[in-house]
Amino acid sequence: MPKAVFVDENDNVIGAGTPREAREKGIRHRIVRIFLLNAKGELLIQKRSENVVSNPNKWDHSAAGHVDEGEDYETAAYRELKEEVGVEGIPLREVTRYYMEETDEKEIKKRFNALYRGIYDREMILDRREVSEVKWVKLDELLAWIERRPEDFTQSFIYGLKEFLKFQK
């Protein structure tokens, strides 16, 4: 299993280890998050599999994951997009970077995030170990859904969507 990149408070690489170690010990690490939009302007969201350790059965970004040892953010974004939803060969644009911390009863997540966007209108091949389903949603409908039932979504998705919307025209 590849190791996740561990970083200091300035996002400088200081080592690597398992994502679990990062969460259990509260070690800062790097994450990529990708939003895909279609020609209608709808956003692709994925429902995390019941088999994943963190946030099973919750709606999340189109794709997301840890930056592995030896990767930069962009390389990791393309890898995660291919692994989770089978999408490759499309240009991705970095939208923003931000830092976020989440704590629950079991984990301390300290993450530097790079958020990317891409345009895609074709079929996808889902990795059923990570993704149970995907859905294209209109932004206004998504925001209303989040308002009604925030528990359906990962905290990082809600935060990432707010960051994404700051840069949408």
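In region 9-33, which residue that is under 20 Å from Glu94 (Cβ atoms) and without any contact (Cβ under 8 Å) to a residue 24 or more places away in the chain is surrounded by the most Cβ atoms within 10 Å (Cβ to Cβ)? Restricting to residues being under 20 Å from Glu94 (Cβ atoms) and without any contact (Cβ under 8 Å) to a residue 24 or more places away in the chain, the top hit is Val13. Would you tally the residues in region 48-83 being basic (Lys, Arg), surrounded by fewer than 18 Cβ atoms within 10 Å (Cβ to Cβ) and within 21 Å of Lys106 (Cβ to Cβ)? Selection size over region 48-83: 1. For region 5-26, the tally of residues that are part of a loop (DSSP other than H, G, I, E, B) and within 18 Å of the chain's Cα centre (by Cα) stands at 2.
Name the single residue that is surrounded by the most Cβ atoms within 10 Å (Cβ to Cβ) among those in region 34-47 being in a loop (DSSP other than H, G, I, E, B) and in contact with a strand residue (DSSP E or B) (Cβ under 8 Å, 6 or more places away or on another chain). Across region 34-47, the extreme among qualifying residues is Glu42. Of the residues making up region 131-150, those that are among the charged types (D, E, K, R) and either more than 17 Å from the chain's Cα centre (by Cα) or on the phi > 0 side of the Ramachandran plot (or both) are Lys138, Asp140, Glu141, Glu147, Arg148, Arg149. Restricting attention to region 84-106, the residues that are within 17 Å of Asp11 (Cα to Cα), acidic (Asp, Glu) and either loosely packed, with under 10 Cβ neighbours inside 10 Å or in contact with a Phe, Trp or Tyr (Cβ under 8 Å, 6 or more places away or on another chain) (or both) add up to 1.
Looking at Arg122, Arg48, Arg128, Arg117, just one residue is more than 15 Å from the chain's Cα centre (by Cα) and in contact (Cβ under 8 Å) with a residue 40 or more places away in the chain, and that residue is Arg128.
Computed from the coordinates by the stated procedures, all read-outs in this text should not be read as laboratory data. In this text, all values refer to a predicted model and were calculated from it rather than measured experimentally. Using ideal geometry, Cβ is built from the backbone for each residue, glycine included, and neighbour counts are taken over all protein chains shown.
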